Amino acid sequence: MSLPAALAVALYPSASDIFTILGNVASELLPPGVEVAQGQVNRVPEPKPVDFVEMWPFMTPRLGTNADTPIDCVFTAAIAGDVMSVSAVNPNPLFSGKLMIGSPVFGVNVEAGTVITGQTGGTPGGVGTYTVAPTQTVGSEKMAAGVAYLTQPVEAVVQLDFHGPNAWDNSATFATVFRDEKGVALFAKQWKALFDNEVNGLTPLYCDDPKQVPFTNDQDQYETRFVVHAHMQVNQSLGLPQQFADQLDATLIAVP
């Protein structure tokens, strides 16, 4: 996948990540056999189980001002065609960020707008082989892949539609746990399972009370549906290319 140089690292966590975590939390709380799926997908029939849940994106109002975190990554590499071979990564904590898919690549002989499009071998984000675009030939030299991470806290609001004869009970179960510390723990558990880190970037804030909302199917028959709006805080980060002045070349000038 090739990303434009203006966008270094995709949004994290993404909308797909949010739906995955929320869906897994709901599935863990509800009885076996209750299917949880993302709504707003055209030409897809209702889930087959009698009881099911559909998740719909609602809105994402901002909760605070951006917090910017610049992280440089200095390494030694050579490029042949679309393959970049990284032989060393600077161990200094100030310059030892990870190489990531979509990160820009800066260097004296590196073409402007070069980005990492994938990793094909080696340590993830470290020494190894990567694919880059555009293709070029660069001898072994010092390079950098600096990124400035822009993090904004937003309130992700998702509507959950509980369908079926047990919709009332299922919606009440979800709402009860969502507004409890047990719900916070479940989100932290699913975050760690998805991203393998302890920094939970998605946590429940509150949800409204379940309410019955009329729903008619394709046979114009009424079905039981209870609706809950789940409000969550998500700290989303977006990486943009960032060059760093990490080396000073001093030239002595004789002054009469």
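The values are calculated or read from the model by the stated rules, or taken from the named source; none is laboratory data. Since we're looking at a predicted model, the values are computed, not measured. Because the Cβ atoms are built from the backbone with ideal geometry, glycine has one as well, and the counts that use them run over all protein chains shown.
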- Query: Could you list, in sequence order, the residues of the stretch 30-60 that are hydrophobic (A, V, I, L, M, F, W, C), more than 24 Å from the chain's Cα centre (by Cα) and surrounded by fewer than 17 Cβ atoms within 10 Å (Cβ to Cβ)?
  - Reply: V44, V50
- Of the residues that make up the stretch 222-244, is at least one closer than 30 Å to D51 by Cα, touching a residue at least 24 places away in the same chain (Cβ under 8 Å), touching a strand residue (DSSP E or B) at 6+ places or on another chain (Cβ under 7 Å) and of a type in the set (D, E)? yes
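Select from the stretch 33-90 the residues that are charged (D, E, K, R) and in a strand (DSSP E or B) and write down the one among them that is nearest to S103 (Cα to Cα).
Taking the candidates together, the pick is D82.
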- Message: For the stretch 125-172, which positions are modelled with pLDDT under 95 and at positive phi?
- Response: G125, G164
- Task: Could you grab me the full set of residues in the stretch 217-245 that are of a type in the set (G, A, S) and crowded, with 18+ Cβ neighbours inside 10 Å?
- Result: A230, S237, G239
- Taking V110 as the residue in question, decide whether it is of a type in the set (V, I, T), in a strand (DSSP E or B) and either within 18 Å of the chain's Cα centre (by Cα) or surrounded by 14 or more Cβ atoms within 10 Å (Cβ to Cβ) (or both). no
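Here's the yes/no breakdown for (1) hydrophobic (A, V, I, L, M, F, W, C); (2) surrounded by fewer than 16 Cβ atoms within 10 Å (Cβ to Cβ):
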| position | (1), (2) |
| --- | --- |
| A145 | yes, no |
| Y149 | no, no |
| A167 | yes, no |
| W191 | yes, no |
| V199 | yes, yes |
- Residues of the stretch 177-217 being more than 24 Å from L63 (Cα to Cα), not aliphatic (A, V, I, L, M) and not in a strand (DSSP E or B), in sequence order, are D196, P210, P214, N217
